[in-house]
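Colleague: Can you keep this structure in mind? I'll have questions shortly.
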Amino acid sequence: MGVNLVLATLPHILVGSIIAIFTLVKDNDFFKKKLFILLFSSLVVISPDILKIMGILSSHSLWLVPILGLIFSFIYVQLNNDNKLSKVWLVFSLIILFGHLLLDFIDNGVELFYPFIKDDFDYTLINKIDLLFIVILITSFTLLFFYKKKTIIVITSLSIIGLYLGALIFSKMHLEYTLKKEFKDQDIVLLITYPDHHFNWEFQVRTKRSIVTGKSPMNKTNIKIETRTEF
C-alpha cells in the first residue's frame, strides 16, 4: 500500500519538478538552492491532495489554482529572497494545473468545477501507477537536473510524452469505435474504457439488455469478453 501510494504520487512530483527546473532553477544555483526549489515545488504540486485530506473538497477545482499559486508564491519569495512574485505565481499555478489536475484528469478523474458541478471529469489514458510513464518522467527530470541544454531536453521529453499519450488516445478511440460497432444494435447506455497494470484496456459496455465486461491489448485490436450479464 505504501509503495503504491509513493508510485502514484511520483508522477505529480516529477512533473512539478520538471516545470520548476525549467523555469526557476538556474545553472549557477548552488545545490542547496536547487534542492529547496525542488522540495518546495513538490509541496506545491501535492497541495490539492493535502487539502482534500483536510476535508477541503474544492481543492481540485480550476478556480482554486491561481489562489493556491498566489499563496505559495508569497511564501516562496519570502523564504528565497526572490522579488519576481508574478513569475513565481505563474509557475506555481502551472505546476498545480499540469502537475496535478491534468494528471488526475487522465488517470482517475477530477472535480474541475466543484462545487458548481460535482461530477468528475476524466479521459482515462494511464493507470494510476504507469511504470513506463514514470520512467519517461524520471529520465526527463534527471537530464534536466544534470545537463545545461534544458530547452532541447524539454522539447525532446514533451515529444516522447506526446507520442506515448497520442498512441494511447488512438488505441482507446479505436477500441471504443470497435465496441460501438460490435454493440450498435443493442442501444448502448454506457461505454467505459480504462487501462490496467499490464498494458491492456479494460472495458464495460452497458446496454438496455446486458452488461458486458472484458479486455483488449493496447497494441492489438482483438477483444476478449470476460463477463456478460443479461437482463
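The values are calculated or read from the model by the stated rules, or taken from the named source; none is laboratory data. It should be emphasised that the depicted structure is a prediction, and the values quoted were computed from it without experimental measurement. FYI the Cβ positions are ideal-geometry reconstructions off the backbone, even for glycines, and counts take in every protein chain you see.
Colleague: Which of the residues that make up the range 1-52 are of a type in the set (S, T, N, Q) and modelled with pLDDT of 90 or more? Outline the logic, then answer.
Modeller: Residues of the range 1-52 that are of a type in the set (S, T, N, Q), as a first pass: 4, 9, 17, 23, 28, 41-42, 47.
Of everything in the range 1-52, those that are of a type in the set (S, T, N, Q) and modelled with pLDDT of 90 or more turn out to be T9, S17, T23, S41, S42, S47.
Colleague: A further question follows. Within the range 156-181, work out how many residues are at pLDDT 95 or above and of a type in the set (V, I, T).
Modeller: Adding up the residues that qualify gives 1.
Colleague: So, in the range 99-120, of the ones that are hydrophobic (A, V, I, L, M, F, W, C) and within 21 Å of P195 (Cα to Cα), which residue ends up modelled with the lowest pLDDT? Working first, answer last.
Modeller: Here is the first cut: in the range 99-120, the residues hydrophobic (A, V, I, L, M, F, W, C) are 101-103, 105-106, 110, 112-113, 116-117.
Now narrow it down to the ones that are within 21 Å of P195 (Cα to Cα): 101-103, 105-106, 110.
Details: L101: 96, L102: 95, L103: 95, F105: 95, I106: 94, V110: 91.
Only one residue fits best here, namely V110.
Colleague: If F116 satisfies all but one of (1) part of a loop (DSSP other than H, G, I, E, B); (2) in contact (Cβ under 8 Å) with a residue 24 or more places away in the chain; (3) not acidic (D, E), what's the number of the condition it fails?
Modeller: For F116, the exception is condition (2).
Colleague: Here's something else I'd like to know. Do the conditions hold for F98, that is, is it among the aromatic types (F, W, Y), in contact (Cβ under 8 Å) with a residue 40 or more places away in the chain and closer than 17 Å to P11 by Cβ?
Modeller: Against the criterion (among the aromatic types (F, W, Y), in contact (Cβ under 8 Å) with a residue 40 or more places away in the chain and closer than 17 Å to P11 by Cβ), F98 qualifies.
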